[in-house]
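Read the figures in this text as sums done on the coordinates, not as results from a lab. Keep in mind that this is a model prediction, so the values were computed, not measured. Note: ideal-geometry Cβ built from the backbone for every residue, glycine included; neighbour counts use all protein chains shown.
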Amino acid sequence: MEKLEEVYQKVSAIMAPHDVYLVGGCCRDALLGKEPHDWDGCTAASPEDIEVAVRAAGRRPYLAGARFGTVGFKVQLDSGEWIMAELTTFRKEVYEPNNRKPSVEFIDDLREDLSRRDVTIGAIAYKEGVFIDPFGGHLDLIAKKVKPVGDGNTRIKEDGLRMLRAARLAAQLGFEVDANFIGVIRKHAYRISTVSRERWCQELDKLLVASHAEYGIAVLLDTGIMKYILPEVYAMMDHPGIAADTLESLRSTVDKADARWAALLMDVGKPYVAQTKRDKTTYPHYEQVSAEIAAGIAWRLKWSRERRENVVAAVKRGW
C-alpha cells in the first residue's frame, strides 16, 4: 500500500493543481497485498493539459494514445526505481452495433468513467489514502469473484473481448467468474468471432502463463468460448483422461507462452487416433496428428513464424 501512495503523490505533484486518481489494476493488486505493476490513473484534465504538465515537470510525454485521452510518462520513486505511469482523461465510450471500437467523449465525472470498465475489481480508484469503489469491487476481491460492471449483457455487446478478459483474470488471480456472468457469456459466446485473432492471442498468452491457467481454461470450456476459438481443444477436453493429462502438463510446464501452448496442444491429436482393445486405449502416432493440428491452429491464429516453428516442433517431438 505504501508504494501505491508514493506513486500517487509523485503523479499528483506532476499534475498539480489538477486532481488525479490511480485506477484499475494497481488498486486491485494493492488491496490484494500484491506488488502493483501497471500504474494507470485518470483525471478530469484534458490530454493537452496532461502533456503540458508532464513537460513542465521535465518529463517526456508518450503520446501514442493521446487521441483516446491517454498520456504516458516516467516517474522516479524514492528508491531510484523508474516506473511508467499513464494518465487518461475521464471519458465515456459510445459503441455502434457490431463495432467494438467506440467513439470517445471526454467528461469530468469519475464515477461515469469507472462505469465504462469491464469488471468491478478493475473499477476501483485511489486518491489521498481513500479507495473510491462505487461498484463493490473490494467486496468482490474478498469473495474472489469476477463480475461485470453493471449489466453483463451490455458490457459484452459493447466488446466481445471482455469474455476472454474475464477468463484471463480468473487464471491470473485464481478467482471464480460469477455464475450469472458465466450464463451471460454462454449466451454471447458467438460474439468472440467478431474480435480479431491477434486480440485473442494477446489474452490467451496471458491466460496460459498465469498461475491458475486451469481456471481460465475451465471458463472457456464452460461458457462455450473454446468452441469458437480452439474447437480442436474443445473436442479434446471432452475426453476426461486426455483433459486431465493436458491440465497437468500446463501446471508443470515453465510459464513461457510458447511452452504453455505446446503443453496445451500436445495431446490434441489423441482423440482422432485412439484405439481401445481389452479396455486399454492407445494412441499410435498421435504426435504427428497433434503437430498437424497445431500447425493449422498456428495459421488460423496468425502466429509469428518463430512461434509456429517452436510450438509445432515441440508438439511433434511429443515433448
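Descriptive notes on the structure:
- Long-range amide H partners of V119 with built H, under 5 Å: V149
- Springs join every pair of Cα atoms under 10 Å in this Gaussian network model of the chain, and among H138, H212, H239 the largest mean-square fluctuation is at H239.
- Charge dipole (the range 1-143, unit charges on Cβ, about Cα centre) - positive-most of M1, H37, A123: H37
- The phi torsions of the range 268-274, fed into the Karplus equation with coefficients 6.51, -1.76 and 1.60 and a -60° offset, translate into couplings of 5, x, 4, x, 8, 10, 4 Hz, rounded to whole numbers, with Gly and Pro shown as x.
- By the rule of a C-alpha distance below 13 Å, with chain neighbours fewer than 8 residues away ignored, the aspartates and glutamates paired with K227 are D238.
- Within straight-line reach of K277, meaning a Cα separation under 27 Å, sit the following lysines at least 8 residues removed in sequence or on another chain: K316.
- Among the trypsin sites (Lys or Arg not before Pro) in the range 139-180, those located in a DSSP loop and surrounded by at most 15 other Cβ atoms within 10 Å of their own Cβ are K144.
- Beta bridges by DSSP in the chain, antiparallel share as percent, to the nearest 5: 80
- With 0.36 nm allotted per residue and the present C-alpha distance subtracted, the I107-D38 stretch has 22.5 nm of extension available.
- The computed volume of the Cα convex hull per residue in Å³ for the structure shown corresponds, within (i) 147; (ii) 138; (iii) 117, to (i).
- Which of Q275, M226, Q172, positive extreme of dipole for the chain (C-beta unit charges): Q275
- In a DSSP loop and with at most 15 other Cβ atoms within 10 Å, the trypsin sites (Lys or Arg not before Pro) in the range 11-63 are K34.
- Contour minus Cα-Cα distance for D279 and D238 (0.36 nm per residue): 12.9 nm
- Segment S79-D19, extension gain: residue separation times 0.36 nm, minus the distance between their alpha carbons: 19.1 nm
- Applying 1/(1 + (r/R0)^6) with r as the Cβ-Cβ distance of R305 and A179 and R0 = 35 angstrom yields a FRET efficiency of 0.25.
- Phi-based couplings in Hz for the range 141-153 (Karplus 6.51, -1.76, 1.60; Gly and Pro marked x): 5, 5, 7, 6, 10, 9, 10, x, 7, x, 7, x, 4
- Share antiparallel - DSSP beta bridges, the range 10-86, percent rounded to 5: 85
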